[in-house]
Each structure stands twice: as structure tokens, then as C-alpha cells.
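Remarks on the structure that follows.
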Amino acid sequence: MEAILLVGGQGTRLRPLTISTPKPLLPTAGVAFLAHQLARAHAEGVERIVFATSYRAEMFEEAFGNRAHGVDLVYVVEDEPLGTGGAIRNAARALTSGPDDPVLILNGDILSGHDVRAQVKLHEEAGAAVTLHLTEVDDPSRFGCVPTDDHGRVTAFLEKTPDPVTNQINAGCYVFRRSVIDTIPEGEVVSVERETFPALIASGATVMGHVESGYWLDVGTPEAFVRGSRDLVLGALASPAMPGEPGERLTLPGASVAADAVVAGGTSIGRGAVIESGATVTGSVLLDDAFVAEGATVRDSVLSRGARVGGGAVLDGVVLGDGAVVGPGNELRGGLRVWPGVELPPTAVRFSADT
Ligand code: GDD
Ligand code: MG
């Protein structure tokens, strides 16, 4: 089977991590995020993937070349971002599938353990135009809200509605009949969520929902990105692309961790990264050459390439950009993001005991 991978978004919610690297290429559990998606797609029977790229397009080909994780890869670039539907239509130029063949479409920022073969089977049995993977979340207003009838047929598609009618959402993995992709207007900005799906449903086409609520995560925010990396390292979602066994931590070659440092909770430690004596690092992502000094505490945070945390500093839910420096004794919490290269002097930021 062939797939189209949508990777043209700017990843704005993940800044400053996405200033230099597109979201799908961020190192996650030791490898580029997409490596996990490619390896899982291969395991689900996908043989060829067309990358629909736009933002920093050349970096994808540099990262993966013509073949990776058992899948043949081709790249199609949009001069201007065409939206999700326009990107699918544009990338379809490079498909080899026939008009009735199923083609898989994947959002490029999803970790999912769902059964793609079962989704394709439902699609074929129903003779559907499109079959969407649906899952349940607590806050459907941030996603595409997708109600279905008793037969699993999709009855509406409500993208980011303030009034969701169900907790069931679009999980960002579709099976399209190839000929249906060819009905999307060419060379125009089209949203598959706001235009194509509602139009198909209104026209009476068969749009099916494959409801499956296993492991699923959109890594589009810093909190979710850290959670996804942590879950992969801990083995909550098995990935054939993980460069090591699941466990409390993943240490890449060339990293150095002091014997009495506590490093756990699914932390990944990049090449050349250093964790000094007495430091505690839990549930975090340390990219290459990150540095955690003596006695510092780092929880649920991202330290980008070459970022440094000074002695005794505390970071909780923080993102440090490339080369950012947090001087000794600072205490940073709650979603704070430090831009690349910024240096915080010693004890510049502290929380009082009752915050
Ligand atoms: N090539 C290309 N061109 N890709 C694009 C473009 C574009 O113009 N715009 C977005 N993409 C890609 C993004 O890179 C991402 O992989 C995917 O399309 C979805 O875009 P997001 O920006 O991540 O959308 P979202 O997370 O707000 O919502 C989407 O995903 C939800 C599930 O996580 C929607 O599909 C929702 O309906 C869905 O519930
Ligand atoms: Mg997303």
C-alpha cells in the first residue's frame, strides 16, 4: 500500500524547538520523530510513502533519502503551503496506485498504536470513499469532532468547534479511495478537515469511522512532545525505530551520566550530553550536547542542542532552545520557554515557597 505523509506545517506551537527543525524531524526517543511513524507504517504494510512537504522541505530528504525503515520514499514540495487537502492532491502526482486502490494519509505529528490493517479492511468492506481513524479525548474542541451513526458511518465533521457533540475525534490517519483524492481541486489551498470531508458527507458519499482508542498522541505542543518521547522510552508505545530497549532512560552513545545522578521516567539523553553528580533528571528530553550541572533538577522539560542548566537550578515543564543557558540557582516552571542562545544570569528567576 502507498501512503501520503503530511509534513508541511510550521509547528508554531512547538517554538522555539521548531525554529531550526521542522516538528516531524525533532529528535524523539533518540531518533527523528518520523522514524517512529515510518517504522510503524512499514509494520502495518505500507511500502511506499510520498512526503507532502513545504516548510523546510529539503531537510526531510536529507534526513531519510530514498528509503528508510523498510519504506521507499519520494518527496513532493509545495511552493506555497496548500493546506491539508491541497497538499494531498498535490502529492498524489507521485502515487502509482490505481483509481480504486486504498491510499493511506497520515498527519506527520501523530504517535498511534492503532490497527491500520483493520482500518483498511473496514474501508474495503464498506466500499467507502474515505475511512477515518477516530479516537476519544477529554477536550475535543482542539481537534476535528467526528460523530458516527450506529453503523459506524460518519455523520458530520466539525473542525475545532467550540461546541463538540461527541468526544470522538479525527485521529489524523485516513484511508482514501485514490479516485476521491483526484476530486480535490488542484493547485488551490484546500483544508481536508473544513472543506473536503464536510463536502463528501453532504454529497452522500460513504465516509466511515474506524473507532479505536489505543495509544494515541498528537505531539504538537511542548507538553505532548515531551510525553511522546517519554512514552516511547518507557515502552508505553512500542516502536521498531527505538535505538535501544525500553526502560527508565535511553542513553545515546557519547553521553555521560554521573554515577550518583538520578535519571529516570523515560528520559532520553543525546550524544555528548552531560549530567553531573547529584543531578535529578526525570521524564525529559536532552538533545545532543545538553548539559545539566551538579545538583540541578530537571523534570518534564526539553533541553535543546547545547542548552545548559547551572548548578542547583530547578526546571519543571520548561523548554530551552538551542544553546540557551540557565545560570545556577534559577527556578523555572510551568511552560516557560527560553529562546535559543538566551542566557539567564544566576538566581534571576525564583518561585516563592507558596507558588
Ligand atoms: N504539506 C502540507 N501543507 N502539510 C500541512 C499543511 C500544508 O499546508 N498544513 C498542515 N500540514 C500538516 C502538518 O504538518 C501536520 O502533519 C498535519 O498536516 C496536521 O496539521 P496540524 O497543524 O498538526 O493540525 P492539528 O493538529 O491542529 O489538527 C489536525 O490533526 C488533529 C489530530 O491530531 C486535524 O486533522 C484535526 O481534525 C485532527 O483532530
Ligand atoms: Mg497536529
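The values are calculated or read from the model by the stated rules, or taken from the named source; none is laboratory data. Please read all numbers here as calculations on a predicted model, not as lab measurements. With ideal geometry, Cβ positions are generated from the backbone for all residues, glycine too; neighbour counts draw on all protein chains shown. Quick note on the areas: whole protein, heavy atoms, side chains included, nothing else; ligands and nucleic acids left out. Shrake-Rupley method; radii C 1.70, N 1.55, O 1.52, S 1.80 Å.
Overview of values
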quantity: Percent accessible area from carbon and sulfur atoms, region 74-213, protein chains only, probe 1.4 Å; calculated: 47 percent
quantity: 0 to 90° range, to nearest 10: angle between helix 222-234 axis and the chain longest Cα axis; calculated: 90 degrees
quantity: Within the chain: Cβ-based charge dipole about Cα centre, in debye rounded to nearest 20 (Lys, Arg +1; Asp, Glu -1); calculated: 460 debye
quantity: Residue of G310, G278, G204 that the Gaussian network model of the chain assigns the largest fluctuation, springs spanning Cα pairs under 10 Å; calculated: G204
quantity: Top of V120, V189, V103 by mean-square fluctuation, Gaussian network on the chain, Cα under 10 Å; calculated: V189
quantity: Accessible area per residue, Å², region 164-287 with all protein chains present, probe 1.4 Å; calculated: 39 Å²
quantity: Relative contact order [Cα under 8 Å, 6+ residues apart], region 1-95, whole percent; calculated: 33 percent
quantity: P(r) of region 248-352 over all Cα-Cα pairs, binned every 5 Å from zero, in whole percent; calculated: 4, 15, 27, 31, 16, 6, 1, 0
quantity: Rounded to whole Å, sorted largest first: equivalent-ellipsoid semi-axes of region 167-230, Cα gyration tensor; calculated: 28, 16, 10
quantity: Percentage relative contact order, region 248-352, counting C-alpha pairs under 8 Å, at least six apart; calculated: 16 percent
quantity: Paired Rg and Dmax values of the chain, which use every Cα atom, in angstrom; calculated: 21.4, 65
quantity: Using alpha-carbon coordinates, inclination of helix 33-43 to the longest axis of the chain, degrees; calculated: 40 degrees
quantity: Highest-fluctuation residue, G98, G295, G83 considered, GNM on the chain with Cα pairs under 10 Å; calculated: G98
quantity: Shape of region 243-290, Cα gyration tensor, a/c cut at 1.5; calculated: oblate
quantity: Globularity ratio of region 37-128, using Cα Rg and 2.2 N^0.38 Å; calculated: 1.11
quantity: Relative contact order of the chain, pairs being alpha-carbon contacts under 8 Å that are 6 or more residues apart, as %; calculated: 14 percent
quantity: Residue-averaged 222 nm ellipticity for the chain, from DSSP H runs of 4+ at -39500 (n - 2.57), nearest 500; calculated: -5000 deg cm²/dmol
quantity: Measure of compaction for region 1-85 (Cα Rg per 2.2 N^0.38 Å); calculated: 1.04
